[in-house]
């Protein structure tokens, strides 16, 4: 009886949850629907809830026009993730376990760096890159995107690595490992979940970046997919199926990464590292 009563009480919550989920996911469905709609059916009143006369013209346009932008975004995402890990993992280890002088002030500075609006940083980068001749370069965009991801990565690595049991580090020292060997052979393997989390967010930030891209690489040959979508948008543009098809294709990598990495993000960093 108790189980049946609990089940009956749970139905309203389930219905409410499904309804709220449907409302939140409806824009995604509508994006897919419009991407399959013919240009001539865009202005139908009322609009079609389903693409009755569906077309793949928008996706053909993506394959024809947007592949270079997708390739550039992939390079930007992977490069930003790699640079962020190279810089933030050692810094997080030092702040968490080596107790450097001024570590508290550095942590506060990193926290403050995350509060600076991106448009201000983009303006500063533009002035610097203009003098160095690094405008409209992929490497310049990777460096700019990393300035957003590295402070987050350092703070996250610091929080994760502080939870690593001291017994692991002491055991490594007894075996003759120095700080660098301990970091490489002990701390990094245990911090796999933090590594995946930082890499994931760094990739997503670079993949979805528009401010740095339009400021630093607006007219170059290597433009990311965000500018590829923007390229379709204009005052007299009618290619909404192409715009939405590009958005659908651009959403697939980030959605797949989130699905594949969710268990690492949610898992405890030291789960099972030390037996009780």
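The values are calculated or read from the model by the stated rules, or taken from the named source; none is laboratory data. In this text the structure is predicted, and so the values were computed from the model without any measurement. Cβ placement follows ideal geometry from the backbone for every residue including glycine, while neighbour counts extend to all protein chains displayed.
Structure notes:
- Residue list for segment 49-64, restricted to those being crowded, with 16+ Cβ neighbours inside 10 Å and without any contact (Cβ under 8 Å) to a residue 60 or more places away in the chain: 51
- Verdict on residue 149 being in a helix (DSSP H, G or I) and surrounded by fewer than 16 Cβ atoms within 10 Å (Cβ to Cβ): no
- Boolean, residue 240 is under 25 Å from residue 107 (Cα atoms), touching a residue at least 60 places away in the same chain (Cβ under 8 Å) and either touching a helix residue (DSSP H, G or I) at 6+ places or on another chain (Cβ under 7 Å) or surrounded by fewer than 23 Cβ atoms within 10 Å (Cβ to Cβ) (or both): no
- Any hit, segment 181-189, residues being in a helix (DSSP H, G or I), closer than 30 Å to residue 132 by Cα and in contact with a helix residue (DSSP H, G or I) (Cβ under 6 Å, 6 or more places away or on another chain): no
- Any hit, segment 92-109, residues being within 19 Å of the chain's Cα centre (by Cα), modelled with pLDDT of 85 or more and either crowded, with 19+ Cβ neighbours inside 10 Å or closer than 26 Å to residue 211 by Cα (or both): no
- Residue 88 being at pLDDT 90 or above, surrounded by 19 or more Cβ atoms within 10 Å (Cβ to Cβ), within 14 Å of the chain's Cα centre (by Cα) and at negative phi: no
- For beta carbons closer than 7 Å, sequence separation of 6+ or different chains, a first residue in segment 79-97 that is more than 17 Å from residue 148 (Cβ to Cβ) and a second that is outside any helix (DSSP H, G or I), the qualifying pairs are 94/100; 96/162.
- Among the residues listed as 208, 139, the single one being under 23 Å from residue 73 (Cα atoms) and surrounded by fewer than 16 Cβ atoms within 10 Å (Cβ to Cβ): 139
- When segment 111-133 is filtered for residues that are in contact (Cβ under 8 Å) with a residue 24 or more places away in the chain and within 30 Å of residue 223 (Cβ to Cβ), the ones remaining, listed by number, are 113, 114, 118, 119, 121, 122, 123, 125, 126, 129.
- Flag for residue 198 being over 30 Å from residue 125 (Cα atoms) and assigned to a helix (DSSP H, G or I): no
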